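Reviewing the structure listed below.
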Amino acid sequence: MLRFGILSTARIARELVMPAIQDAENCVITAVASRDPAKARALADRFSVPHAFGSYEEMLASDVIDAVYIPLPTSQHVEWSLKAAEAGKHVLCEKPISLKADEIDRLIEARDRYKVLICEAFMVTYAPVWLKVRELIADGAIGRLRHVQGAFTYFNRDPGNMRNIPELGGGALPDIGVYPTITTRFSTGREPLRVQAVTERDPEFGTDIYSSVKADFGDFEMSFYIATQLANRQIMVFHGTEGYIEVKSPFNADRWGAEEIELANQKHNVSQIFRFQDSRQYRRQAESFARAAKGEAAEVVTLESSLLNQKFIDAIYRASTHDGWEKV
């Protein structure tokens, strides 16, 4: 069993990742750390975790864990991923693992130097929904792919929420823009060549709250929009010469709605509907990470892939400052 330490008591850890790790077959949580010892102990007790630490450093120095899961604010991801690697711990870090592509080079160097696994926690890449989309595209189910269309939006103007605080790495692109990009790259195996973008910032918070993006992948185009101050929506569509694939609940597969893929033909007749009862994408993520950490065969999100995804996001920011194309 790979022994996880949870580095902070963040909501995503409490509600999604910790239950998934405890449910997994090959890993377990043995420690929780918080700068507030009482919070660490309370969360540890909630999940029957034996060890609670009053500092992150103390947990990293202990021998009761093999790996850490990091759900800290985005601006702290690189710092604590590096510290964990230096301590000889494997790292599963929430997305985005970095706010700039060039910072990921430091993580790659640390991974190789300390012989540990460092992965960005893109749970979607472990979901049966996206594995099926990748398979359908590869098998030619929609003919030649010509266009990918997507949207991911929600409404949040809470000034105390980290998503609205620039110093903590807030903004729509770091929070949700990474999902249309990673899923398109994952399911097609292709990388964007150039992008165009329009981005709007909140005048009070200073964070980016809306982006409309067009990306050129060479053989196909992609268009998507994201927003943190629009009504909730999630959709991804892959449109080809022979049909299209519509992913009904592309990102929050176990919470947003039906875990379903619709495959339609040229005449817009739905030929097949693929349904998944419970993707358990966070559990699958933990299990794949644990296998890879132990040297077993497992597909995980590599830092090299994270670097390419962040280059995509960085290019969108650059493109939004001028008209025309920006090279990725």
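For the cross-link pairs 89/248; 132/267; 39/132, the ones whose C-alpha atoms lie over 28 Å apart are 89/248; 39/132.
Over segment 2-121, the alpha carbon radius of gyration divided by the compact-protein estimate 2.2 N^0.38 Å works out to 0.98. Segment 33-57 and segment 65-84 have their alpha-carbon centroids 16 Å apart. Within the straight-line cut-off of under 18 Å between alpha carbons, the aspartates and glutamates reachable from residue 214 are 191, 200, 314, 323, 326, sequence neighbours fewer than 8 places apart in one chain being disregarded. Within a straight-line Cα-Cα reach of under 19 Å, residue 95 can be paired with the following lysines, leaving aside sequence neighbours fewer than 8 residues apart in one chain: 83, 311.
Along the Cα→Cβ direction, 7 angstrom out, place labels at residue 22 and residue 62. What is the inter-label distance in nm? In this crude label model, residue 22 to residue 62 measures out at 1.6 nm. Debye-formula intensities of the chain, expressed as log10 I(q)/I(0) at q = 0.07, 0.13 Å⁻¹, are -0.28, -0.99 (one equal scatterer per alpha-carbon, no solvent). For the peptides 271-281, 172-182, the ranking by mean Cβ contacts within 10 Å, running from highest to lowest, is 172-182, 271-281.
Annotation: amide H-H contacts under 5 Å for residue 217 (H modelled 1.01 Å from N, sequence separation of 5 or more, or interchain): 193, 222. With both residues required to sit in the chain, DSSP beta bridges show an antiparallel share near 60%. Ranked by the mean number of other Cβ atoms within 10 Å per residue, highest first, peptides 186-193, 30-37 order as 30-37, 186-193. When each of the peptides 262-268, 124-130 is scored by how many other beta carbons lie within 10 Å of its residues on average, the order from highest to lowest is 124-130, 262-268.
The alpha carbon centroids of segment 197-230 and segment 9-25 are separated by 30 Å.
Classify segment 104-169 as rounded, prolate or oblate, taking a ≥ b ≥ c as the square roots of the eigenvalues of its Cα gyration tensor: rounded when a/c is under 1.5, otherwise prolate if a/b is larger than b/c and oblate if not. The shape class here is oblate. Mean separation of Cα pairs under 8 Å and 6 or more residues apart, divided by the residue count, gives the chain a relative contact order of 19 percent. Of the DSSP H helices in the chain, those with a Cα length along their own long axis of 20 Å or more and a mean Kyte-Doolittle hydropathy reaching 0.0 comprise 303-319. Report the Cα centroid-to-centroid distance between segment 97-119 and segment 254-291 in angstrom, as an integer. Here the two parts' Cα centres lie 30 Å apart.
No lab work stands behind these numbers, since they all come straight from the coordinates. Keep in mind it's a predicted model, so treat the numbers as computed, not measured. FYI the Cβ positions are ideal-geometry reconstructions off the backbone, even for glycines, and counts take in every protein chain you see.
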